[in-house]
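What follows draws every value from the coordinates through simple rules; no lab data is involved. Given the structure is predicted, the values throughout are model-derived calculations rather than measurements. A quick note on method: Cβ atoms are made from the backbone with ideal geometry, for glycine too, and the neighbour counts reach across all protein chains shown.
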Ligand SMILES: Nc1ncnc2c1ncn2[C@@H]1O[C@H](COP(=O)(O)OP(=O)(O)OP(=O)(O)O)[C@@H](O)[C@H]1O
Ligand SMILES: [Mg+2]
């Protein structure tokens, strides 16, 4: 299996705040990898570095062997990024937007197919797809942005909190969509979440991050069994507690 993501001692400081304190982890091609941790742990910071939006203070990060600092333009060609907060809603309908994005990435028949896939992933009704995106609810915006991130079949989809703001039915649909696209279209997915149930249901492997440090790492099963936990939520609480006692 080839390496999709590798970070080595990745460190990020914002003034006096050390958001990442030398994190190292690896995600392999074809897997769904979860960076999981509490609020403020450093998940979004790590993802923004991988998405070439901000620079690390120290350390390195690679996407399919490409250095995110020195080869940022090449990295951008093979990734898609779902930001934590999705803003900027133009005067486009959902259908127009997905059609436009399909044509930015592909031509002819392939663009047509991409558009169709996007419509499906969005899960929006014909009526909603005909409305302007600025009138969408938070959940609808999330769905359309997730459709954009997955339909173009990037080599790596960096998804920051994909289920954020969605209701239980939509969350379950999104789990299915991410699994289907990661497995079916060979899209490697890096997802972040603090919802352990989501992570357990979707991820092959996870790294638990707390206060800028990775405190556990492995398959979901290993991470659970290593601390004799009942599930990932229980394991997560145990790791965080153990680490905070030690530091
Ligand atoms: N631009 C910034 N300037 C200053 N501090 C920042 C900036 N971005 C993030 N931080 C700080 O870095 C730390 C990590 O933040 P980050 O957003 O990466 O956490 P997170 O794990 O994504 O949390 P959440 O689950 O709430 O999304 C926090 O202490 C945060 O306040
Ligand atoms: Mg975040």
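How long are the three semi-axes of the equivalent ellipsoid of the range 1-65, in whole Å, if each is the root of 5 times an eigenvalue of the C-alpha gyration tensor, listed from largest down? If you can, show how the numbers build up before the last one.
Working: eigenvalues 85, 34, 17 Å².
With the √(5λ) rule applied to the range 1-65, the semi-axes are 21, 13, 9 Å.
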Fill in the blank from the handout: Computed over the range 38-171, the relative contact order (Cα-Cα under 8 Å, seq sep at least six) in percent reads 29 percent
Handout entry: Fluctuation leader among 93, 114, 11 - the chain, Gaussian network, Cα springs under 10 angstrom
Key = 93
Exercise for the section: May I ask you to sort 234, 128, 160 by Cβ crowding, counting other Cβ atoms within 10 Å and putting the fewest first? Expected result: 234, 128, 160
Completion exercise
By Cβ neighbour count within 10 Å, fewest first, 244, 95, 76 rank 244, 76, 95
Exercise for the section: Enumerate the residues in the range 71-110 having an amide nitrogen under 20 Å from the point lying 7 Å beyond the Cα of residue 39 toward its Cβ. Expected result: 83-87
Problem - Kirkwood hydrodynamic radius of the range 116-201, Cα pairs, Å - result: 13.2 Å
Problem - Cα centroid of the range 101-120 to Cα centroid of the range 1-56, whole Å - result: 30 Å
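If you average the sequence gap of Cα pairs under 8 Å that are 6 or more apart and divide by the length of the range 1-81, what percent do you get for the contact order?
Values: 138 pairs, mean separation 27.5, N = 81.
For the range 1-81, the relative contact order is 34 percent.
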Completion exercise
In nanometres, the difference between 0.36 nm per residue of separation and the alpha-carbon distance of residue 91 and residue 58 is 7.8 nm
Problem - the chain: most fluctuating residue of 164, 102, 125 per GNM, C-alpha cutoff 10 Å - result: 125
Problem - Difference of contour (0.36 nm per residue) and Cα-Cα distance, residue 3 to residue 225 - result: 77.4 nm
Exercise for the section: Report, to two decimal places, the Cα Rg of the chain normalised by 2.2 N^0.38 Å (N = number of residues). Expected result: 1.01
Practice task
Please label the shape of the range 59-108 as rounded, prolate or oblate, based on the square roots a ≥ b ≥ c of the eigenvalues of the alpha-carbon gyration tensor (a/c under 1.5 means rounded; beyond that, a/b larger than b/c means prolate, else oblate).
Solution key: oblate
Practice task
Under a 10 Å cutoff between Cα atoms, tell me which one of 90, 21, 138 has the largest fluctuation in the Gaussian network model of the chain.
Solution key: 90
Completion exercise
In terms of the alpha carbon gyration tensor, root eigenvalues a ≥ b ≥ c, rounded if a/c is under 1.5 and otherwise prolate when a/b exceeds b/c or oblate, the range 73-151 is oblate
Fill in the blank from the handout: Taking Cα atoms only, helix 94-105 is inclined relative to the longest principal axis of the chain by an angle, in degrees rounded to 10, of 80 degrees
Practice task
Please order 185, 10, 119, 156 by the number of other Cβ within 10 Å, starting at the fewest.
Solution key: 185, 119, 156, 10
Handout entry: Separation in nanometres of the label points that stand 7 Å from Cα toward Cβ, at residue 112 and residue 84
Key = 4.2 nm
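For the chain, what is the calculated [θ] at 222 nm in deg cm²/dmol (nearest 500), taking -39500 (n - 2.57) for each run of four or more DSSP H residues and dividing by its residue count?
Theoretical 222 nm ellipticity from helices: -13000 deg cm²/dmol.
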Practice task
Normalising by the residue count of the chain, find the relative contact order in percent from Cα pairs under 8 Å and 6+ residues apart.
Solution key: 25 percent
